[in-house]
1. What distance in nm lies between label points placed 7 Å from Cα along the C-beta direction at Ser61 and Val18?
2. Taking amide H atoms as placed 1.01 Å from N in the peptide plane, list the residues 5 or more away in sequence, or in a different chain, whose amide H sits under 5 Å from that of Leu51.
3. Answer with a single label: of (i) 11.2, 34; (ii) 22.0, 74; (iii) 15.1, 47, which was calculated as Rg and Dmax of the Cα atoms in Å from the structure in view?
4. Tell me the mean residue ellipticity at 222 nm calculated for the chain from its helices only (DSSP H runs of n ≥ 4, each -39500 (n - 2.57), averaged over every residue, nearest 500).
5. If you line up the long axis of helix 15-49 against the longest principal axis of the chain, both from Cα atoms, how many degrees apart are they, to the nearest 10?
6. Roughly speaking, to the nearest percent, how much of the chain's 1.4 Å accessible area is carbon and sulfur?
7. Output the 0 to 90 degree angle, nearest 10, between the alpha-carbon long axis of helix 53-63 and the longest principal axis computed from the alpha carbons of the chain.
Amino acid sequence: MATSPPSAPPGRMDGRAVGTLLVLCGAIFLEGIDVAMLNVALPAIRADLGLSTAMLSGVVSAYV
């Protein structure tokens, strides 16, 4: 008769799940930093490209 492999107790994560969670949280954090830096750069982008304020929303949408 085959037995099932040992698993973590209910409510606990194994090492692989914790590692995956940390990588995903780091990626989400870096994406948020990226968008924040874009918002800081928008005035310079507007001046360099001669865009209207309405066109800046297109720049943000394209970047994100």
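The values are calculated or read from the model by the stated rules, or taken from the named source; none is laboratory data. Since this is a predicted model, take the numbers as computed values, not measurements. Cβ coordinates were reconstructed from backbone atoms using ideal geometry, including for glycine residues, and neighbour counts include every protein chain displayed. For the accessible areas, the whole protein counts, side chains as well, though only heavy atoms, and no ligand, DNA or RNA atoms are used. Shrake-Rupley method; radii C 1.70, N 1.55, O 1.52, S 1.80 Å.
1. Roughly 4.4 nm, to one decimal.
2. Distant-sequence amide H within range of Leu51: zero hits.
3. (ii)
4. Rounded to the nearest 500, the figure is -25000 deg cm²/dmol.
5. 0 degrees
6. Within the chain, the accessible surface is 69 percent carbon and sulfur.
7. The helix 53-63 is inclined about 30 degrees to the chain.
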